[in-house]
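Each value in this text was obtained by applying a stated rule to the coordinates, not by laboratory testing. Model, not experiment: these values are computed from the prediction. Using ideal geometry, Cβ is built from the backbone for each residue, glycine included, and neighbour counts are taken over all protein chains shown.
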Amino acid sequence: MSPTFEELSVGQDIGGRSIEVTRQDLVKYAGASGDFNPIHWNEAFATGVELPGVIAHGMFTMGAAVQLVSDWAGDPAAVVDYQTRFTKPVLVSDTTGTGDAGAVIDVSGAVGALDADARTARVDLTVVFDGQKVLMKAQALVRLA
Amino acid sequence: MTINPDLQGRSYPAAEVYDVGREKIREFARAVKATHPAHFDVDAAQGLGHPDLVAPPTFAIIVAQRADAQLIEDPEAGIDFSRVVHADQRFTHHRPIFAGDRLVAELHVDGVRAMGGGAMITTRSEIFALGDGNGREPVSTTKSSILVRGEGQ
């Protein structure tokens with residue numbers, strides 16, 4: 001069920017989800033997006049440019065986090081604006097062949113602001129990896145019926 | 001290598017057309033672990049009033065990063081891609097992107113700011129859908145800042 005504007009209030013929780021990430025997921029995202037920077041799939045290259053290891057694409061994290069909002073809104077087309085700053089990398093361990101996650105990203109969201117004229121809600125996302133926020137000012141503007 | 005300060009205010013006209021295919025929307029949606037049926041099932045998308053599959057909210061990054069590549073690969077720009085870090089990103093959708101859209105992007109360099117030995121470069125892509133004939137419709141505006149790390153940064 002999609003929310004209607006009138007039933008929303010600022011501070012309202014829209015729920016959360018955990019996203020498990022593997023090195024294979026990063027290869028898939030590289031192929032799907034066309035971003036083949038080797039820091040997202042090659043350990044030696046990543047450590048060679050002074051990173052602690054292979055890191056997720058910021059755009060992978062941003063893209064995966066917004067699914068919470070699409071599902072809550074009932075229609076991904078309701079997301080009319082979406083922004084973030086990338087503040088910390090998501091380090092993805094090599095768990096190839098084990099079935100374990102290489103990283104777990106926790107996403108939660110709350111209504112941050114409402115605009116009655118535009119009938120939009122701003123959803124503020126909290127996106128955490130390893131106890132630290134990896135996205136800052138992650139905000140999705142949702143147009144509601 | 002230093003960033004050319006004259007980049008600010010430069011723009012790159014719309015180059016190649018990006019044809020949005022249903023399988024590409026499904027592939028991108030799976031890659032960001034999206035499960036909403038409007039990305040996968042044409043009937044579900046049409047049931048929400050859309051003409052075809054709906055692209056995920058960050059799908060436009062494919063088109064925007066192709067436009068950015070014109071700048072990054074421009075030898076006059078002086079950008080070392082291996083030292084590029086994505087600092088921030090914004091998508092403003094004037095309408096959703098649908099399967100069947102034919103998109104073009106105009107790239108604008110809105111800001112170049114020296115930071116230590118590197119630079120922060122802010123770009124904006126204006127993405128349009130081509131209509132029949134000469135018309136084009138604004139679809140998305142994407143803004144991104146990239147930090148080009150200097151030596152020792």
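For the reader, a short list of remarks on this structure follows.
- When the GluC sites (Glu not before Pro) in segment B:50-144 are filtered for DSSP coil states and for at most 15 other beta-carbon atoms within 10 Å of their beta-carbon, the remaining sites are B:E73, B:E76.
- Multiplying each eigenvalue of the alpha-carbon gyration tensor of chain B by 5 and taking the square root yields semi-axes of 32, 17, 11 Å, largest first, rounded to whole angstroms.
- Relative intensity, log₁₀ I(q)/I(0), of the protein assembly as shown from a Debye sum that treats every alpha carbon as a point, q = 0.12, 0.15 Å⁻¹: -0.80, -1.25
- Each Lys or Arg adds one and each Asp or Glu subtracts one; over the other residues with Cβ under 15 Å from the Cβ of A:A30, this totals +2.
- Average Cα contact separation per residue, segment A:51-107, under 8 Å, 6 or more apart, as relative contact order %: 42
- With 19 Å as the limit on Cα-Cα distance, the pairs of B:K33/B:K143; A:K28/B:K24; A:K88/A:K137; A:K137/B:K24 that go past it are B:K33/B:K143; A:K137/B:K24.
- Here the extension length gained between A:R85 and A:A118 equals 9.4 nm, from 0.36 nm per residue of separation less the Cα-Cα distance.
- Build a GNM of chain B with springs between Cα atoms under 10 Å apart, and of B:V85, B:V20, B:V63 the one that fluctuates most is B:V85.
- Selected from B:V112, B:T35, B:Y18, residue furthest toward positive end of dipole (segment B:5-148; charges at beta carbon): B:T35
- Lys, Arg +1 and Asp, Glu -1 on Cβ, resulting dipole of segment A:36-140 about Cα centre, debye, nearest 20: 260
- Legend: ranking of residues B:L130, B:L71 from fewest to most surrounding C-beta atoms inside 10 Å; resulting order B:L130, B:L71.
- For the protein assembly as shown, a crude dipole built from +1 on the beta carbon of Lys and Arg and -1 on the beta carbon of Asp and Glu, taken about the Cα centre, is about 300 debye to the nearest 20.
- Each part gets one Cα centre, and for segment A:104-145 versus segment B:100-142 those centres are 24 Å apart.
- 17 Å tail of the calculated P(r), segment B:40-111, as % of Cα pairs: 55
- The HN-Hα couplings worked out from phi for segment B:29-40 by the Karplus form 6.51 cos²θ - 1.76 cosθ + 1.60 (θ = phi - 60°) are 4, 4, 5, 9, 6, 7, 10, 4, x, 5, 8, 10 Hz, whole numbers, x standing for Gly and Pro.
- The distance from the alpha carbon centre of segment A:17-72 to that of segment B:6-41 is 16 Å, rounded to a whole number.
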